[in-house]
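Have a look at the structure below, then the notes.
Here, each number is a calculation from the coordinates, and none is a lab measurement. What you see is a predicted model, and the numbers here were worked out from it, not measured in a lab. Note: ideal-geometry Cβ built from the backbone for every residue, glycine included; neighbour counts use all protein chains shown.
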Amino acid sequence: MITVEQLSGGYGDVPIVKNVSFTVEKGKVLGILGPNGSGKSTLLKVMSGILPATSGSVLLDRKNIKTYNARALAKKMAVLPQLHANAFSNSVREAVSLGRYPHQTGFFSSWSDKDEQAVQHAMAQTGVLRYENTPMEFLSGGEQQRVFVAQALAQTAEVLLLDEPTNHLDIAHQRQILDMVRKEAVECGLTVVMVLHDMNLASLYCDELLLMEDGQMRAIGAPHEVLIASQIEEVYQARVTTYSHPEIPKPQITMMPATSEHQPRAVITKENFTVVEDFIQLKSEIPLKTISSAVHNPGIGWYECFLNRSVPGDYIINNVKQEVAGFLQRENFSLTGTVVMLTAVSTNMVALNEYKTDFGSVFVMVTAGVGNAVDVSRTHERQDQPYVGTINTWVIINGCLSEEAFFQAMMTANEAKTKALQTEDIRDKRTNTVATGTATDSLLIAATQRGKEMIYGGPITEVGKVIGRGVFETTVQAIHNYKTKA
């Protein structure tokens, strides 16, 4: 455990680091963030005693580091500085072995099996064992960085201070080093404090983050408490947005470019839609921000091409995604730039309408195969496998929606679809109750993201009113088309 109490210090009489306090428990990892010149590296140097503290204290296991002599402190604390002077032509093994110096009674005069195991383990953990006999000057910058991390690890100290440990490393080796540091902390009780520039890596691998600004603590806490967009923007003077990591409950940061007045002003018009026998297509000149439950490229993303593909009523494919990908390749559509829905009805049953608004027009496209409609409140009574039905809905907005508005727009559109089924008295054939949809409905909301941002998309907002009316009317029209042409 390491405790920093009201620590100040630096290079001259005027301290660079001012009144910093925190505690890192055994087995935990603290990441230090901050812009260039904020005092991150200086803090690490003052903590380790490399630079003098003008006030405050650093405690290791509740003992002030000033009470340790140099060798005893080195057994307790290992330091990886940001820059390394490689004056001697050491081999990798020799460089890593220097980490065992604090444990020697003489200069390598008492080399033990424990020393050898520590060096071999450190080289293996950092992926440099294969370079064991290679001179350091023959390694790349990234390979040298891993050797220095191995040197610090070989020291087998209880506290590890790392200044930019992922410097010069590619993403694979960044992960390798940080996975190793995290594993040592969790499994061996290592206490780690490391300076990182990459906020996303810091969020993924650290238990807590310390955000520095002008030598002082701006914030400290769990990653989600520190990586707040407004706070990061103030400290770094850069536009950012936050989002959740797709696999673990940690925030991630995306840098936002300065708004450009020269962005394309393209809008979606009826000329962007094409209806042929096999599919209905929307082709945009610019990528549209999209959220959908499509078969191909579902979820949130930016796409230029949208297909509502008509398939036979007996379309039963074991690997639908693979079949759709094959279709796109045969038809020369982009696999990564195209969203695909599947419908069991002919494309000539499509209903497509445009709605003019003050913020821009909205297009609604619906195909409604309601022959196998279901009542969602009664589907728990059924034992049959899912089958083709499909009401597919597109809502294309010439406007800008917030993240919240996208999800609210989906809710509004789905409510309008359900109301249309009620109005048209579409029933679940098994229960004879009013249907709410089919077993395989898909919904897509896409926007050009041009113009003033609309924060909300609920039913009483400006955009929500258009979506509600548009989806209701267009779904009714699509149901009529199905009834008359099926």
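Return the FRET efficiency for the residue pair Gln231, Arg430: r is the Cβ-Cβ distance, R0 is 56 Å, and the value is rounded to the nearest 0.05.
Values: r = 55 Å, r/R0 = 0.98.
Taking R0 as 56 Å, the efficiency between Gln231 and Arg430 is 0.55.
Can you tell me which lysines have their Cα less than 26 Å from the Cα of Lys452? Leave out same-chain residues fewer than eight positions away.
The qualifying lysines are Lys270, Lys283, Lys289, Lys356, Lys465.
With +1 on each Lys and Arg Cβ and -1 on each Asp and Glu Cβ, and nothing else charged, work out how big the dipole of the chain is about its Cα centre, in Debye to the nearest 20. Can you show the working numbers first?
On the way: 43 positive and 51 negative charges, 71 e Å.
That gives a dipole near 340 debye.
Through the Karplus equation 6.51 cos²θ - 1.76 cosθ + 1.60, θ set to phi - 60°, convert the phi angles of segment 284-298 into ³J(HN,Hα) values in whole Hz; use x for Gly and Pro.
Rounded to whole hertz, the list is 9, 6, 10, x, 9, 6, 9, 10, 7, 10, 5, 6, 10, 6, x.
How much mean residue ellipticity at 222 nm does the chain get from its helices, if each DSSP H run of length 4 or more adds -39500 (n - 2.57) and you divide by all residues, to the nearest 500 deg cm²/dmol? Could you put the intermediate results ahead of the total?
Working: 12 runs with 143 residues, N = 486.
Helix contribution divided over all residues of the chain: -9000 deg cm²/dmol.
For a quick check: sort His480, His103 by the number of other beta carbons within 10 angstrom, fewest at the front.
Numbers: His480 14, His103 18.
Arranged by neighbour count, lowest to highest, His480, His103 become His480, His103.
Which shape class, rounded, prolate or oblate, goes with segment 219-377 when its Cα gyration tensor gives a ≥ b ≥ c as root eigenvalues, a/c under 1.5 marks rounded, and past that a/b bigger than b/c marks prolate?
Values: a/c = 2.28, a/b = 1.68, b/c = 1.36.
Judged from the Cα gyration tensor, segment 219-377 comes out prolate (a/c at least 1.5, a/b above b/c).
Are there trypsin sites (Lys or Arg not before Pro) in segment 442-485 that DSSP puts in a loop and that have at most 15 other Cβ atoms within 10 Å, and which ones?
Details: sites: Arg450, Lys452, Lys465, Arg469, Lys483, Lys485; in loops: Arg450, Lys452.
Listed in order of number, the matching sites are Lys452.
Which peptide among 161-173, 37-49 comes first, and what is the full order, when sorted by highest mean count of other Cβ atoms within 10 Å? Don't skip to the end; give the middle numbers.
Working: 161-173: 18.8, 37-49: 22.4.
The most tightly packed comes first, giving 37-49, 161-173.
Pull up all non-local amide H partners of Leu80: gap of 5 or more, or a different chain, and H-to-H distance under 5 Å with H placed in the peptide plane.
Leu161, Leu162, Asp163
Hey, got the Cα dimensions of segment 301-372 along the principal axes, in Å, largest first?
Extents along the principal axes: 46, 33, 18 Å.
Would you list Ile286, Ile396, Ile317 from fewest to most Cβ contacts within 10 Å? Before the final figure, lay out each step's value.
Values: Ile286 15, Ile396 24, Ile317 11.
By the 10 Å Cβ count, ascending, the order reads Ile317, Ile286, Ile396.
Would you mind classifying segment 270-485 by shape? Square roots of the alpha carbon gyration tensor eigenvalues, ordered a ≥ b ≥ c; an a/c under 1.5 is rounded, otherwise it is prolate if a/b is larger than b/c and oblate if not.
Numbers: a/c = 1.67, a/b = 1.15, b/c = 1.44.
It is oblate, given that a/c is not under 1.5 and a/b is not larger than b/c.
Can you give the FRET efficiency for Arg378 and His168, using 1/(1 + (r/R0)^6), R0 = 51 Å, r = Cβ-Cβ distance, to the nearest 0.05? Present the calculation step by step, with values, prior to reporting the outcome.
Numbers: r = 61 Å, r/R0 = 1.20.
With R0 = 51 Å, the Cβ-Cβ based efficiency is 0.25.
Take peptides 73-80, 271-278 and line them up by average Cβ neighbours within 10 Å, highest first, as a rough protection proxy. Mind dumping the intermediate values first?
On the way: 73-80: 20.1, 271-278: 12.0.
Going by the mean number of other Cβ atoms within 10 Å, highest first, we get 73-80, 271-278.
Provide the gained length on full extension for the span Thr274 to Arg239, in nm with one decimal, where the gain is 0.36 nm per separating residue minus the Cα-Cα distance. Intermediate values should be presented prior to the final figure.
On the way: separation 35, 0.36 × 35 = 12.60 nm, distance 3.83 nm.
Contour length minus Cα-Cα distance gives 8.8 nm.
Output the DSSP H helices from the chain with an along-axis C-alpha extent of no less than 18 Å and a mean Kyte-Doolittle hydropathy no less than 0.0. Don't skip to the answer; put the middle values down first.
Numbers: long enough: 113-126 (20 Å, -1.24); 141-154 (20 Å, 0.08); 171-188 (24 Å, -0.24); 403-423 (31 Å, -0.41); 462-485 (34 Å, -0.32).
Going by DSSP H runs, the hits are 141-154.
For segment 304-342, which GluC sites (Glu not before Pro) pass both filters: DSSP loop (anything but H, G, I, E, B) and at most 13 other C-beta atoms within 10 Å? Please report the intermediate quantities before stating the final value.
On the way: sites: Glu304, Glu323, Glu331; in loops: Glu331.
Answer in residue order: Glu331.
Test of understanding: express the Cα radius of gyration of segment 2-255 as a ratio to 2.2 N^0.38 Å, with N the residue count. Could you put the intermediate results ahead of the total?
On the way: Rg = 18.1 Å, N = 254, 2.2 N^0.38 = 18.0 Å.
Ratio of Rg to 2.2 N^0.38 Å for segment 2-255: 1.01.
Specify whether the C-alpha gyration tensor of segment 109-174 places it in the rounded, prolate or oblate class, a ≥ b ≥ c being the square roots of the eigenvalues: rounded for a/c under 1.5, otherwise prolate if a/b is larger than b/c and oblate if not.
Working: a/c = 2.16, a/b = 1.37, b/c = 1.58.
Judged from the Cα gyration tensor, segment 109-174 comes out oblate (a/c at least 1.5, b/c at or above a/b).
I'd like the trypsin sites (Lys or Arg not before Pro) in segment 330-424 restricted to DSSP loop residues with at most 10 other Cβ atoms within 10 Å, sorted by number. Don't skip to the end; give the middle numbers.
Numbers: sites: Arg330, Lys356, Arg378, Arg382, Lys417, Lys419; in loops: Lys356, Arg382.
Filter output for segment 330-424: Lys356.
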